[in-house]
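> One structure is given below, represented as structure tokens, and several questions about it will come after.
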Amino acid sequence: MPHTWMVRKDLKNIVNINKVVTILYIEFSPTYRTSGESHDFWEMVYIDDGELDLHAGETRYHMKQGDVIFHSPNEFHNIECDGHHSSSVFIITFECRSPIMKYFYNRKISVPQELQGNISEIVHEATNSFEIGKYPLTPRKDSPVGSRQMLRSNLELFIIKLLRVAESAESKGTVFLSNEVYGDKLVGDIIEYLQKNINRTVTLDELSESFFFGKSHICRIFKEATGSTIVRYHNGMKISAAKKLLREGNMSIIAISEALGFESPQYFSRVFKIHTSVTPREYRMKKITSLDSNAISRMGRR
């Protein structure tokens, strides 16, 4: 005899992403500009670092670090840097016919800190699934099980969370952080501290005294949250800043090394090559665009 009280309920999806088309992480020089394009799928553009101008239809947006925009299908768009700032941009294009995506028409959204880590998760699974930057997309032969499903799920989850936060901000005029976010606040504060002290070496003793936690506790939660040690993460920040200086200005490699607090130009070059696979001189000469090994953990946690 059937259990009439056991009613099965559908789990409805409001966002269904069917396919991805391109996945790119690009570093634009200050003078870069595109002639523009349009296509019959969505395009998400996230500014990981720097700033640039972006045209969507007839509207011009000035985009800064942490900003995201979704180009709707068949919308003409192009990028134009301002001649002064370089920028690092994560772009993913995808097919999605869900009506809820209409919310993002003609909207530039500043991604709150509690959601920026979701960008890192999207990029992580993207690099697990495909050879980033290649077109057409080339699947990785060594992909972990379920990596493409994780990529789709992470992207859909980010869109839903962004929708909730944006609607909450519009209705209440503020954004409230969850308990989980408050638990992660220490990591965010440490990252902010590292960024403010990018021009010198920051020690674990110093962090322990500044945030009133033991060194082992700080190291553990930081590694759990970012997947990186504090030293490597701080060096990654320094290398990101160094790349920007190498692209934008005429500072010597020695001067850049000193400005970022490296103990010697030789050590600076060694760390730079660990993070980018090339020396500072090679990077400046070739203007290499790459997704370095620390970009994934840094993305969304600046």
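Please treat every number below as a calculation from the coordinates, not as lab data. What you see is a predicted model; the values in this text were computed from it and never measured. Using ideal geometry, Cβ is built from the backbone for each residue, glycine included, and neighbour counts are taken over all protein chains shown.
> Using amide H atoms built 1.01 Å from N in the peptide plane, name the residues 5+ places from Asp67, or on other chains, whose amide H lies under 5 Å from its own.
Here the answer is Ile47, Val111, since their amide H atoms fall under 5 Å of that of Asp67.
> Along its principal axes, what span do the Cα atoms of the chain show, with the longest given first and each in whole Å?
Sorted from largest, the Cα extents of the chain read 76, 51, 46 Å.
> Continuing with the same structure: Determine the gain in length on full extension of the stretch Val21-Ser264; use 0.36 nm per residue of separation and subtract their C-alpha separation, reporting nm with one decimal. Walk me through the intermediate numbers first.
On the way: separation 243, 0.36 × 243 = 87.48 nm, distance 4.35 nm.
Additional length available on full extension: 83.1 nm.
> Ok, one more. Could you calculate the FRET efficiency of Ala255 with Ser277 from 1/(1 + (r/R0)^6), where r is the beta carbon distance between them and R0 is 25 Å, rounded to 0.05? List each step's numbers first, then the result.
Details: r = 23 Å, r/R0 = 0.93.
Step by step, r from the Cβ atoms, then E = 0.60.
> With the Cα gyration tensor of segment 1-158 giving a ≥ b ≥ c as the square roots of its eigenvalues, does the rule (a/c under 1.5 for rounded; else a/b larger than b/c for prolate; else oblate) give rounded, prolate or oblate? Numbers along the way, then the final one.
On the way: a/c = 2.16, a/b = 1.68, b/c = 1.29.
Note, shape of segment 1-158 comes out prolate.
> For Glu58 and Thr31 in one chain, what is 0.36 nm times their gap in residues minus the Cα-Cα distance, to one decimal in nm? Present the calculation step by step, with values, prior to reporting the outcome.
Numbers: separation 27, 0.36 × 27 = 9.72 nm, distance 2.16 nm.
Taking 0.36 nm per residue and subtracting the Cα distance, the gain is 7.6 nm.
> Quick one: Debye curve from the C-alpha atoms of segment 116-157, no solvent, what's log10 I(q)/I(0) at q = 0.15 Å⁻¹?
-0.32
> Let me ask you something else. Modelled label-to-label distance, Thr201 and Ile100, 7 Å Cα→beta-carbon offset: nm?
It works out to 4.9 nm between the two label points.
> Once amide H atoms are placed 1.01 Å from N in the peptide plane, what residues at a sequence separation of 5 or more from Glu131, or on another chain, have their amide H within under 5 Å of its amide H?
Thr138, Arg140
> Using alpha carbons only, how many angstrom separate the centre of segment 219-262 from the centre of segment 78-124?
Comparing the Cα centres of segment 219-262 and segment 78-124, I get a distance of 24 Å.
> Sticking with this one: Once the other residues with Cβ under 9 Å from the Cβ of Val89 are scored (Lys, Arg +1; Asp, Glu -1), what is the net sum? Could the numbers behind the result be given before it?
Numbers: positive: none; negative: Glu27, Asp48, Asp49.
Net local charge, Val89 excluded: -3.
> Under the rule of -39500 (n - 2.57) per DSSP H run of 4 or more residues, summed and divided by the residues of the chain, what mean residue ellipticity at 222 nm is obtained, to the nearest 500 deg cm²/dmol?
Details: 11 runs with 129 residues, N = 302.
So the helix-based figure for the chain works out to -13000 deg cm²/dmol.
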